[in-house]
Amino acid sequence: MRFNTALLHGNFTSDAKTGATTTPIYQSSSFKHGTAEELENIFNGREPGFVYSRINNPSIEAFEKRIAYLEGGIGAVACASGMAAVTLSLLNILKSGDGIVSGCGIFGGTHSLFKCFEDYNITAAYTRDSRVASFEECVNEKTKAVFIETIGNPKLDVPDIKALGEMAHSHGIPLIVDNTVTTPYLVKPLSLGADIVLHSTSKYINGSGNSIGGIIVDGGKFKWDFNKYSSLNAYKQFGAFIYLAKLRKTLFKDFGACLSPFNAYLSSLGLETLAVRMDRLCSNAFKLAKSLQSISEVVSVNYPGLAENEYQALANEQFEGKFGAILTIRVGSKEKAFKVINSLKYASNLANIGDVRTLVIHPASTIYATNSMVEKEKMGVYEDLIRISVGLEDIEDLLEDFMQALIT
Ligand SMILES: *Cc1c(COP(=O)(O)O)cnc(C)c1O
């Protein structure tokens, strides 16, 4: 089954009971069972069934199965948000005293989360750059996970997933990949050797910016060393499903950061058109990046698809000729950046990416406002930088809009 077909038919059929073509929204907190024996069996994992929507729900499960299929994983756990997915994917295997080696260009929210982790004696070491050697030099005996984004947001650096998987595995550590910005349409990190993939489904998977969600997918292939990951020991009986079983039975259930059935429905609906949207979004982004390069008011354009970009060759290979739909430009000063944002007619000034609409933001004064100058620069955030999440508008309109905002 090819990708567009898989979006519609992968691990998914119409509703068995009614023939409904989309999974109904099971807006029910709990699920009634005929006998005490039946509920006992379901609670104890001896019989399949739904219990309580913080734990499982048919609308959410349908969404999980579809994403697991698209990513080539053995199963998935949907969460209330991308941040919940990042948090739970890591805490499922970390404990006090452990460390994470993280890419340097990661999303501000994740950077902020890693700061919170310090209170629990879990520390993140950030690499100097995206080279494998820079990751490896951060690995020590405390390291329990290597964490990257497929394209750092907003630094737009592109780590080599395959090489990093090999490096992490040589140290007995799993590679966890945030695939939000590229989606399984551009890359399936598990097929390149990553172990866990996660998403903020709020972005391209949902696509229309109408609900927050996240998801964790497990490849099921990592060989856990139970001395190193002792908390997994009690779940050995689940074999390849050990990571997912522990997650579902403990942190996911106990944190309570579950997805709502309504948001699972909206996200499933968005998912069905992912590839057609991504094709056009990536093509619009490429054209916009090329055009902005030719304007003297633009100091620099950062987009992995540009020929002179240091990540172009790797991105071209890893994402099969597409480069995502996020680009950044520098315009010389904060004042100029504000003026451009205020002059744009079509681009909405807001904190989001991956919408059908074009979105812009000044990261330094918003998402990264609480970071120091040094931290900002490490994450590729400058005072004169504008992040653009390109939408589905006609490219001619986008070009005209950016030209008038930049040149006047
Ligand atoms: C937005 C985002 C997140 C966080 O997701 P939410 O759904 O907003 O909680 C995590 N990673 C990346 C790369 C993101 O862009």
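Where in region 389-408 is the amide nitrogen less than 14 Å from a point lying 7 Å along the Cα-to-Cβ axis of SER296?
It comes to 407-408, nothing else.
Go ahead and estimate [θ] at 222 nm for the chain from helices alone: -39,500 (n - 2.57) per DSSP H run with n ≥ 4, summed, over the residue count, rounded to 500. Show your work: numbers first, answer last.
Numbers: 16 runs with 148 residues, N = 408.
For the chain, the value works out to -10500 deg cm²/dmol.
Compute the helix-to-body angle for 108-117: its Cα long axis versus the longest principal axis of the chain, expressed 0 to 90° and rounded to tens.
The answer is roughly 50 degrees.
Can you give the angle from 0 to 90° between the axis of helix 82-91 and the longest principal axis of the chain, with both taken from C-alpha atoms, to the nearest 10?
Between the helix axis and the principal axis of the chain, the angle is about 60 degrees.
Over all pairs of distinct alpha carbons, what does the Kirkwood formula give as the hydrodynamic radius of region 318-391, in Å?
Working: mean 1/r = 0.0775 Å⁻¹.
That comes to 12.9 Å for region 318-391.
In whole Hz, what ³J(HN,Hα) sequence does region 391-400 give by Karplus (6.51, -1.76, 1.60; θ = phi - 60°), x for Gly and Pro?
x, 8, 4, 4, 4, 4, 5, 5, 4, 4
Given labels modelled 7 Å from the Cα in the Cβ direction, how far is it in nm from ALA163 to SER29?
Taking the two extended label points, one gets 5.3 nm.
Using only Cα positions of the chain, each an equal point scatterer, no hydration layer, compute I(q)/I(0) via Debye at q = 0.06, 0.09, 0.14 Å⁻¹ and quote the log10 values to two decimals.
These q points yield log10 I(q)/I(0) values of -0.24, -0.54, -1.26.
Quick check: from the Cα gyration tensor, does region 70-200 come out rounded (a/c under 1.5), prolate or oblate?
On the way: a/c = 1.32, a/b = 1.13, b/c = 1.17.
Here region 70-200 falls in the rounded category.
Quick check for you: which residues of region 46-67 have the amide N under 19 Å from the point 7 Å beyond the Cα of SER191 toward its beta carbon?
65-67, by backbone N distance to the label point.
Could you grab the Rg to Rh ratio for region 193-301? Cα atoms only, Kirkwood for Rh.
1.15
In sequence order, what are the phi-derived ³J(HN,Hα) couplings for region 236-244 according to the Karplus relation 6.51 cos²θ - 1.76 cosθ + 1.60 with θ = phi - 60°, rounded to whole Hz, with x for glycine and proline?
3, 5, 8, x, 4, 8, 4, 5, 5
Could you list which residues have their amide H under 5 Å from that of ILE361, counting only those 5 or more apart in sequence or on another chain, with H placed in the peptide plane?
Long-range HN contacts for ILE361: ARG387.
Under 19 Å from the Cα of LYS246, which lysines turn up, not counting those fewer than eight places away in the same chain?
Correct list for LYS246: LYS65, LYS95, LYS144, LYS221, LYS223, LYS228, LYS236.
Would you grab the residues whose amide H sits under 5 Å from the one on GLY220? Only those 5+ places off in sequence or on another chain, please, with H modelled 1.01 Å from N.
Counting only residues 5 or more places away or on other chains, the set is ILE74.
What translational D, rounded to a whole number of µm²/s, comes out for region 201-252 from Stokes-Einstein when the hydrodynamic radius is the Kirkwood one over Cα pairs, at 10 °C and 1.306 mPa s?
Rounded to a whole number, D works out at 124 µm²/s.
If the convex hull of the alpha-carbon atoms of region 273-335 is projected onto planes in all directions, what is the mean projected area in square nanometres? Each step should come with its number before you reach the end.
On the way: hull surface 19.6 nm².
Projected over every direction and averaged, the Cα hull of region 273-335 covers 4.9 nm².
Could you check which residue among LYS334, LYS203, LYS155 shows the biggest mean-square fluctuation in a GNM of the chain with a 10 Å Cα cutoff?
Top of the fluctuation ranking is LYS334.
Could you work out the per residue convex hull volume over the alpha carbons of region 275-407, in cubic angstrom?
105
With all protein chains present and a 1.4 Å probe, how do GLU71, GLU61, GLU396, GLU320 order by accessible area, largest first?
GLU320, GLU396, GLU61, GLU71
Kindly rank 74-81, 285-292 from highest to lowest mean number of other beta carbons found within 10 Å of each residue.
Details: 74-81: 23.2, 285-292: 20.1.
Descending packing order for the listed peptides: 74-81, 285-292.
Helix 334-343 versus the longest principal axis of the chain: what is the Cα-based angle in degrees, 0 to 90, to the nearest 10?
80
Could I have the simple spin-label model distance between THR408 and LYS249, label points 7 Å from Cα toward Cβ, reported in nm to one decimal?
Here the modelled spin labels are 6.3 nm apart.
Given H placed on each backbone N at 1.01 Å, which residues far from CYS258 in sequence or on other chains put an amide H within less than 5 Å of it?
Those lying under 5 Å, H to H, from CYS258 are ALA80.
Karplus couplings for region 158-175 from phi (6.51 cos²θ - 1.76 cosθ + 1.60, θ = phi - 60°), rounded to Hz, Gly and Pro as x?
Those phi angles translate into 10, x, 8, 4, 4, 5, 5, x, 4, 4, 4, 5, 5, 9, x, 10, x, 9 Hz.
Only bridges with both residues in the chain count here: give the DSSP antiparallel percent, nearest 5. Please report the intermediate quantities before stating the final value.
On the way: 23 of 40 bridges.
In the chain, approximately 60 percent of DSSP beta bridges are antiparallel ones.
Report relative contact order for the chain in percent, whole number only (criteria: Cα-Cα under 8 Å, sequence separation at least 6).
Relative contact order for the chain comes out at 16 percent.
Find how many whole Å separate the alpha carbon centroid of region 247-313 from the alpha carbon centroid of region 366-381.
21
What's the magnitude of the charge dipole for region 275-407 around its Cα centre, counting Lys and Arg as +1 and Asp and Glu as -1 at the beta-carbon? Answer in Debye, nearest 20.
On the way: 14 positive and 18 negative charges, 51 e Å.
Magnitude of the dipole: close to 240 debye.
I need the peptides 263-276, 8-21 ranked by packing, meaning the mean over residues of other C-beta atoms within 10 angstrom, with the highest value on top.
Details: 263-276: 20.8, 8-21: 11.4.
In decreasing order of mean packing, 263-276, 8-21 become 263-276, 8-21.
The values are calculated or read from the model by the stated rules, or taken from the named source; none is laboratory data. None of the values given here were measured: they were computed from a predicted structure. Because the Cβ atoms are built from the backbone with ideal geometry, glycine has one as well, and the counts that use them run over all protein chains shown. Note: areas computed on protein heavy atoms with side chains; ligands, DNA, RNA excluded. Shrake-Rupley method; radii C 1.70, N 1.55, O 1.52, S 1.80 Å.
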